[in-house]
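Colleague: Quick one: structure below, then a few questions.
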Amino acid sequence: MGPVLTISSKNYSSWSLRGWLLCRMAGLDFKEELLSSDDPGARAELLLLSPSFLVPRLTHNGLKVWDTLAIAEYLHENFPQAGLLPKDAAARTHCRSISGEMHSGFSNLRSALPMNLKAHYKGFKIWAAAQADIERVTTIWRECLNQYGGPYLFGAIPSLADAMYAPVVTRFQTYDVKLDRQCADYCETLLNLPDMIEWIEAAKNEKTGIEELEAEF
């Protein structure tokens with residue numbers, strides 16, 4: 001049996017998008033296994049009801065790896081040529097740091113602006129705590145783009161960091177977040193990745209919805 005990536009909703013699941021992008025970036029030929037939105041683990045992840053999630057989960061060479069950062073490190077070990085982490089030690093440390101910050105932080109952004117690729121809320125009013133998270137994200141982006149030259153956070157090719165921040169890019173689009181030109185260009189670069197285009201198209205064609213994530217803001 002070949003590699004399998006277990007994911008939940010493409011429309012709502014930011015963690016599934018991260019894991020899926022990492023596998024694509026690594027060049028892994030994998031099969032998708034999509035959990036039903038009624039699956040208790042999938043709902044816990046999507047509704048932020050659990051501190052730890054078992055989705056996405058990669059099954060590869062008889063091993064099961066869950067948690068997005070664990071998947072990233074596993075892929076980096078097995079496919080180092082993909083460049084998920086930069087070759088330079090200082091850049092690699094920086095990449096791990098900002099990826100870890102996204103992995104464990106930004107709870108106000110997650111709860112106030114849930115991922116929803118089908119939706120668009122023009123003129124969405126962002127509360128102060130979420131705005132502070134947005135400002136921290138854009139500060140990270142500007143520092144990386146200026147230091148490593150873009151168009152991706154660590155230079156010429158997408159890395160772990162871009163996969164980690166990709167769902168934030170979709171949130172900024174969904175909730176009409178105003179950005180400076182540099183950050184807007186970065187968002188456009190990620191959204192134009194063929195893998196992102198493929199994922200977003202699939203998300204928009206999903207038949208099921210989750211009422212709790214479709215509130216009238």
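Where a number appears in this text, it was derived from the coordinates with a stated rule and is not lab data. Predicted model, so just to flag it, every value in this text is computed and none were measured. When we count neighbours, we look across all protein chains shown, and the Cβ atoms used for this are built from the backbone with ideal geometry, even at glycine.
Colleague: Give me the percent relative contact order of the stretch 92-217, please, defined on Cα pairs under 8 angstrom at least 6 residues apart.
Modeller: Relative contact order here is 31 percent.
Colleague: Within 9 Å, Cβ to Cβ, of L5, how many net charges do the neighbouring residues add up to if Lys/Arg are +1 and Asp/Glu are -1?
Modeller: 0
Colleague: Name the lysines eligible as straight-distance cross-link partners of K118: C-alpha to C-alpha under 22 Å, and not fewer than 8 places from it in the same chain.
Modeller: Of all the lysines, those that pass the test against K118 - Cα under 22 Å, at least 8 places apart if same chain - are K10, K178, K204, K207.
Colleague: From the phi of every residue in the stretch 111-123, what ³J(HN,Hα) in whole Hz does the Karplus formula 6.51 cos²θ - 1.76 cosθ + 1.60 yield, where θ is phi - 60° and glycine or proline is x?
Modeller: Rounded to whole hertz, the list is 6, 7, 10, x, 5, 7, 6, 7, 9, 8, 10, 6, x.
Colleague: Between D88 and A128, with labels modelled 7 Å along Cα→Cβ, what's the label distance in nm to one decimal, could you check?
Modeller: In this crude label model, D88 to A128 measures out at 3.9 nm.
Colleague: To continue, here is another question. Note down the relative contact order for the chain as a percent, whole number, built from C-alpha pairs under 8 angstrom at least six residues apart.
Modeller: After rounding, I find 24 percent.
Colleague: HN-Hα J couplings of the stretch 16-26 from phi, Karplus 6.51/-1.76/1.60, θ = phi - 60°, integer Hz, Gly and Pro as x?
Modeller: Along the stretch 16-26, the couplings run 5, 4, 4, x, 5, 4, 4, 5, 5, 4, 6 Hz.
Colleague: Mean residue ellipticity at 222 nm from the helices of the chain, using -39,500 (n - 2.57) per DSSP H segment of n ≥ 4 over the full residue count, to the nearest 500 deg cm²/dmol?
Modeller: Helices in the chain give a 222 nm mean residue ellipticity of -16000 deg cm²/dmol.
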